[in-house]
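*Asks:* Got a structure for you, written out below as structure tokens; questions coming shortly.
The values are calculated or read from the model by the stated rules, or taken from the named source; none is laboratory data. Worth saying up front: this structure is predicted, and the values here are computed from it rather than measured. Every residue, glycine as well, gets a Cβ built from its backbone with ideal geometry; the counts of neighbours run over all protein chains shown.
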2 protein chains.
Amino acid sequence: MPKRRRVTIADVAARVGLTSITVSRALNRPELVKPETRSRIEAAASELGYVPNAFARGLKHSESRLIGFVTASVDNPFYAEMIKAVSRHAKRHNYAILLFDTDGEPWLEAKAIETLLSYQAAGIILSPVSDEPHYRPAYVERLRNSDVAVVQLDRTLADAGFSAVVLDNAWAGECAARHLLQRVFAETDAVFERRATDLLVVAGPERSRITQERLAGVRKALARRTSTTALSLDIVWGDYTLAPARERVSEHIESRGMPGAIFGLNQLITLGALQAMKAHGIAPDTLSVVSVDRLPYLDIFDIHVPCVVHDGFHAGQRALEMLLERIAEPELAPQTETVRGVLIE
Amino acid sequence: MPKRRRVTIADVAARVGLTSITVSRALNRPELVKPETRSRIEAAASELGYVPNAFARGLKHSESRLIGFVTASVDNPFYAEMIKAVSRHAKRHNYAILLFDTDGEPWLEAKAIETLLSYQAAGIILSPVSDEPHYRPAYVERLRNSDVAVVQLDRTLADAGFSAVVLDNAWAGECAARHLLQRVFAETDAVFERRATDLLVVAGPERSRITQERLAGVRKALARRTSTTALSLDIVWGDYTLAPARERVSEHIESRGMPGAIFGLNQLITLGALQAMKAHGIAPDTLSVVSVDRLPYLDIFDIHVPCVVHDGFHAGQRALEMLLERIAEPELAPQTETVRGVLIE
DNA sequence: CTGTTAGCGCTTTCAT
DNA sequence: ATGAAAGCGCTAACAG
């Protein structure tokens, strides 16, 4: 069976002996068409299998019902959660999601933005490949001059001037560090075993804003400590993925021995650190580990890694809501919303 | 600063004193334009911030470089892996991904297909909300009459006649069951403790094809058993998510006691079963559990749940490749490719 | 190598 | 309540 030519409103119109404009109206502004005509048209449309052409419509209005989601890692569970939230709320408002996984490549990110502009995306939710201050992609200027709404999610570009939904990273760092100070490095009732490194923080990229904010939280908690014996703090850098975290922690254990405690700045980092510990025969319950982001399902096995958990679903939902507001009201001032996590022991 | 009107090829043309068609050619078929003209045009285009209008182009060609990915659960890690693969390979061929999370709702699935048709999607990768035989969505007929390529992934519609990439479910079931027969219900060297239920299979929906295939594999392995003492097999049904699995297993333990072994038909089901065990104070190492799909990262904690693992990345990649072949060659016969898993102990 | 014309499918005037 | 004409931005087909 040969594929039929696409059915257009003109075909539907011919079928009922009217013109295309009436069909268009019947389908989009039914109140402008006599009810009886309307139902004849609707019958004919569904009989012929009419499907509106989104391109023709988009070309006419120069606007689309497309929202772009740009991220470096769809497979990161935290992002998957946010995608789920965005997608669920987008379709409620009749928007479809164009998903771009940039794989951490700036040029793919630039291409994704380009594509979104060419599709006249109504809005973009952007989580760039990097949040380091020197990362200033050329597309920012273009985005500013276009009428696409932009909301950044989690990771942000320095001074780009877009709205954002971010996590309260300083608080997460402080919270996690305070937990360790109470449980491991308590000043009053216990003498903890001193090591070459008391606290090992396994971080993301050294210049990443998120990493720096979380570290600032850690330092703030440490500074509050009143004890005379200063804690030694070491930091190893990675890129928010598992493998580098594992390698850096391995090296650190080999050169400086087992630390007093480990703080992994996100889920994958902490898992990498735990892998390194295992490789060196260090059982998880002999060394305190704390994390940002929950390590999934471990509670089933009575493994409890305390963590500061953020509600990704809520963050995604807020990002989409802010985006919709800005699509409706393009002149709204940029706004940043902060999502605070909660410590789970 | 007011948002500027969109820059078109006509604007670029005016800037360099040519007509739009020449600009169009310079940008799409550079070899048809004098190199010097071309570079003047390119300069002007980038200076003015020209962005091609995908809608106009799509309207002209009545085709798009859009591929739809329709799934019931973006947040299922196995699907996230497949999305990653599809996305990565799609962008290599200059396709963008329209992502639809149907949340398990047939009407959202229908709407997703409708939207994809209206965007003239070149192809659709479809993993429906259900693979039960009585689920025969109305859009199938439309899809068949359109010229969109369709490849089903993992879940398939009965008799829809589309190509598919599926898992070797019978083999997965057989493999997992054989493992239990060797390790728990060995006939030769050990006497295993008999229970009211020897093997408890925690399944998906009773009529799901995937569930039935995996069960057939289990039965095949059991039938091969030569021992005179028949094993008792119980099955509880769920929907491939965690909570129902947990509830059904809890109920089963309460009414029939602890089984001899548990087989969870996918990752989330197995995790649910493990939660139920924990709630009843059954330690994971006192009851043999086997699963389809890997339980992530548990090896770090020396928890080893044997599982039949499928390569989701490969499945996603193959689905996209098949789709591209069919976009290029619309008359290709439907084809089904099976991905076989491997048992990891 | 570059230009003219025409049309993709739809909708916004402005009639009737 | 319905229709005619025009145009959104781009690119075949056919000139020149």
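*Asks:* Given the conditions (1) at the interface with chain B (Cβ under 8 Å from one of its Cβ atoms); (2) over 30 Å from A:Gly238 (Cβ atoms); (3) at pLDDT below 95, which single one is not true for A:Arg92?
*Replies:* (1)
*Asks:* Could you list, in sequence order, all residues of the range B:135-175 that are farther than 20 Å from B:Ala315 by Cβ and in contact with a strand residue (DSSP E or B) (Cβ under 7 Å, 6 or more places away or on another chain)?
*Replies:* Within the range B:135-175, B:Leu143, B:Val148 qualify.
*Asks:* Separate question: Considering only the range A:59-71, how many residues are away from DNA strand D (no atom under 14 Å from the Cβ) and either crowded, with 23+ Cβ neighbours inside 10 Å or within 7 Å of chain B (Cβ to nearest Cβ) (or both)? Even if it seems obvious, please write down each step before you answer.
*Replies:* Taking the range A:59-71 first, the residues away from DNA strand D (no atom under 14 Å from the Cβ) are A:65-71.
If we keep only those that are either crowded, with 23+ Cβ neighbours inside 10 Å or within 7 Å of chain B (Cβ to nearest Cβ) (or both) too, we end up with A:66-71.
Total satisfying the criteria: 6.
*Asks:* Which of the numbered conditions does A:Gly104 fail, given that it passes all the others? Conditions: (1) part of a loop (DSSP other than H, G, I, E, B); (2) more than 9 Å from chain B (Cβ to nearest Cβ); (3) buried (at least 21 other Cβ atoms within 10 Å of the Cβ); (4) of a type in the set (Gly, Ala, Ser).
*Replies:* Among (1) part of a loop (DSSP other than H, G, I, E, B); (2) more than 9 Å from chain B (Cβ to nearest Cβ); (3) buried (at least 21 other Cβ atoms within 10 Å of the Cβ); (4) of a type in the set (Gly, Ala, Ser), the lone unmet condition for A:Gly104 is (3).
*Asks:* Output yes when any residue across the range B:46-58 is within 16 Å of DNA strand D (Cβ to nearest atom) and either away from chain A (no Cβ under 11 Å) or at pLDDT 95 or above (or both), and no when none is.
*Replies:* Yes; the residues of the range B:46-58 include at least one that is within 16 Å of DNA strand D (Cβ to nearest atom) and either away from chain A (no Cβ under 11 Å) or at pLDDT 95 or above (or both).
Residues are listed down the side, and each one gets a yes or a no for (1) within 14 Å of chain A (Cβ to nearest Cβ); (2) assigned to a helix (DSSP H, G or I); (3) aromatic (Phe, Trp, Tyr):
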| residue | (1), (2), (3) |
| --- | --- |
| B:Val249 | yes, yes, no |
| B:Ser255 | no, yes, no |
| B:Gly272 | yes, yes, no |
| B:Val290 | no, no, no |
| B:His304 | yes, no, no |
| B:Phe313 | yes, yes, yes |
| B:Gly316 | yes, yes, no |
| B:Met322 | no, yes, no |
| B:Glu325 | no, yes, no |
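*Asks:* Exactly one of these conditions fails for B:Leu298: (1) of a type in the set (A, V, I, L, M, F, W, C); (2) farther than 19 Å from B:Asn76 by Cα; (3) at pLDDT below 90. Give me its number.
*Replies:* (2)
*Asks:* For residues that are assigned to a helix (DSSP H, G or I) and in contact with a Lys or Arg (Cβ under 8 Å, 6 or more places away or on another chain), tally how many sit in the range B:1-46.
*Replies:* Going through the range B:1-46 one residue at a time, the tally reaches 5.
*Asks:* A:Ser118: buried (at least 23 other Cβ atoms within 10 Å of the Cβ), within 9 Å of chain B (Cβ to nearest Cβ) and not acidic (Asp, Glu), yes or no?
*Replies:* no
*Asks:* A further question follows. Looking only at residues that are more than 44 Å from the chain's Cα centre (by Cα) and away from DNA strand D (no atom under 12 Å from the Cβ) in the range B:3-18, which one is farthest from the other protein chains (Cβ to nearest Cβ)?
*Replies:* Looking at the filtered set, the residue picked out is B:Gly17.
*Asks:* Checking the condition within 24 Å of A:Leu66 (Cα to Cα) and either among the acidic types (Asp, Glu) or more than 10 Å from every other protein chain (Cβ to nearest Cβ) (or both), which residue from B:Asp154, B:Asp131, B:Asp147 passes?
*Replies:* Every option except B:Asp147 fails the conditions.
*Asks:* Does the range A:19-45 hold any residues that are more than 9 Å from DNA strand C (Cβ to nearest atom) and either in contact with a strand residue (DSSP E or B) (Cβ under 9 Å, 6 or more places away or on another chain) or within 14 Å of chain B (Cβ to nearest Cβ) (or both), and which are they?
*Replies:* Result: A:Ala45, single match.
*Asks:* Considering only the range A:77-88, state which residues are touching a helix residue (DSSP H, G or I) at 6+ places or on another chain (Cβ under 7 Å), more than 8 Å from chain B (Cβ to nearest Cβ) and at pLDDT below 95.
*Replies:* Result: A:Phe78, single match.
*Asks:* If you go through the range B:67-85 one residue at a time, do you hit one that is among the basic types (Lys, Arg), without any contact (Cβ under 8 Å) to a residue 60 or more places away in the chain and either within 16 Å of DNA strand C (Cβ to nearest atom) or out of contact with any Ser or Thr (no Cβ under 7 Å at 6 or more places or on another chain) (or both)? Quick ask: steps written out before the conclusion?
*Replies:* Our first condition is that a residue be among the basic types (Lys, Arg); within the range B:67-85, this holds for B:84.
Next cut, without any contact (Cβ under 8 Å) to a residue 60 or more places away in the chain only: none.
Within the range B:67-85, not a single residue is among the basic types (Lys, Arg), without any contact (Cβ under 8 Å) to a residue 60 or more places away in the chain and either within 16 Å of DNA strand C (Cβ to nearest atom) or out of contact with any Ser or Thr (no Cβ under 7 Å at 6 or more places or on another chain) (or both).
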